[in-house]
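Structure first, commentary second.
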Amino acid sequence: MPSDERGTPSEPDPHPLDAVIWRALTGVHENFAEGDERARRYPAAVAPFAATRDTAAASFQSLLALVSGEDQIALFTTAKVEPPPPFLVTRADSVDQMVLEDIGACATHSSVPIVALRVADVPEMLALARATEPGPFGPRTIELGDYIGIRQRGMLVAMAGERMRIAGFTEISAVCVDAAYRGHGFAAGLVGSLVSSIAVRGEIPFLHVFSSNHAAIALYRKLGFALRRRMHLAVLARAEAEAISGRSQHS
């Protein structure tokens, strides 16, 4: 363990991916950030992710100002979050943060053409995301990075792209394949293509996957990704918004 100037053992510096959302919104993606020096978030149409600088009450107060109505935000943290009222945790789950360790294992080439996806493709991308549920994907998520896809008979049947970025790292996200076209290696081909373009920039690919999604984890391990650490996902809403929603459903 490293020591400080007085010879006292000091804690090692945290890994930059431990606070990936905060680092993204105060770094590469700062132009997307809403908030202040204590709490920041992506615009709701871009992504639901938010982060606080620390767990102080003042930081959660700043975060509360960024959540209105029935809006919900998602946090990735290394420790379980217990936010103060009036926040309500609507979902708590475990997420595996995986980092590419063997780029050779990901040298997978698609057997079908891969196309770049543009703003005009967003309606189809949203429909595919709704059908396959790869994780949050909104009308403006495509602004975060490069998105690619595979078409069959003119229909978008698979896609993947870049989401959060911090110095030296780019997240691969929205990896999904229409149920009727699974088993053809489309996901592996798309991830391999993204890995190649990310590596050319001198960056390390990483991704997040629910710890319970064993099939996806097995695929990513086969493609050279390894677990870096298990993260906590907390989806937060205003408690009063939940109460209003509940009353409206019973009225």
**Message:** Under 7 Å between Cβ atoms, which residue pairs at least 6 apart in sequence (or on different chains) link something in region 207-219 that is assigned to a strand (DSSP E or B) with a partner that is of a type in the set (D, E, K, R) and open to solvent by 50 Å² or more (accessible area, probe 1.4 Å)?
**Reply:** Phe210/Asp93
**Item:** Residue among Met125, Met155, Met159, Met164 that alone is buried (at least 21 other Cβ atoms within 10 Å of the Cβ), more than 28 Å from Arg230 (Cα to Cα) and of a type outside the set (Phe, Trp, Tyr)
**Value:** Met125
**Message:** Exactly one condition in (1) under 15 Å from Gly104 (Cα atoms); (2) surrounded by fewer than 19 Cβ atoms within 10 Å (Cβ to Cβ); (3) not aromatic (Phe, Trp, Tyr) is false for Ile217; which is it?
**Reply:** (1)
**Given (1) open to solvent by less than 20 Å² (accessible area, probe 1.4 Å); (2) more than 15 Å from Ala107 (Cα to Cα), index of the condition Gly202 fails** = (1)
**Failed item, numbered, when Ser111 is tested on (1) within 18 Å of Arg163 (Cα to Cα); (2) open to solvent by 30 Å² or more (accessible area, probe 1.4 Å)** = (1)
**Candidate set: region 195-210, residues that are in contact with a Cys (Cβ under 9 Å, 6 or more places away or on another chain) and not aliphatic (A, V, I, L, M); chosen: the one modelled with the highest pLDDT** = Pro205
**Complete:** If we ask which residues in region 37-92 are surrounded by fewer than 13 Cβ atoms within 10 Å (Cβ to Cβ), basic (Lys, Arg) and over 23 Å from Pro139 (Cα atoms), their number turns out to be 1
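Considering region 116-147 alone, what residues qualify as being aliphatic (A, V, I, L, M) and closer than 25 Å to His29 by Cβ?
Within region 116-147, Ala116, Leu117, Val119, Ala120, Val122, Met125, Leu126, Leu128, Ala129, Ile142, Leu144 meet the criteria.
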**Fill in**
Log entry, pairs with first residue in region 114-139 being free of Cβ contacts under 8 Å to residues at least 40 places away in the same chain and within 19 Å of His184 (Cα to Cα), second being open to solvent by 40 Å² or more (accessible area, probe 1.4 Å) and not aliphatic (A, V, I, L, M), beta carbons closer than 9 Å, six or more apart or on different chains, reads Val115/Arg151
**Enumeration of residues in region 120-137 that are of a type outside the set (D, E, K, R) and part of a helix (DSSP H, G or I)** = Ala120, Val122, Pro123, Met125, Leu126, Ala127, Leu128, Ala129, Ala131, Thr132
**Message:** Condition check: out of contact with any Leu (no Cβ under 9 Å at 6 or more places or on another chain) and either buried (at least 23 other Cβ atoms within 10 Å of the Cβ) or not in a strand (DSSP E or B) (or both). Does Ser196 satisfy that?
**Reply:** yes
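Kindly indicate whether Ser10 is at pLDDT below 95, open to solvent by 40 Å² or more (accessible area, probe 1.4 Å) and either touching a helix residue (DSSP H, G or I) at 6+ places or on another chain (Cβ under 9 Å) or among the hydroxyl-bearing types (Ser, Thr, Tyr) (or both).
no
The values are calculated or read from the model by the stated rules, or taken from the named source; none is laboratory data. Keep in mind it's a predicted model, so treat the numbers as computed, not measured. As a convention, Cβ positions derive from the backbone with ideal geometry for all residues, glycine included, and neighbour counts pool all protein chains shown. We work out accessible area using only protein heavy atoms, side chains counted, and drop any ligands, DNA or RNA first. Shrake-Rupley method; radii C 1.70, N 1.55, O 1.52, S 1.80 Å.
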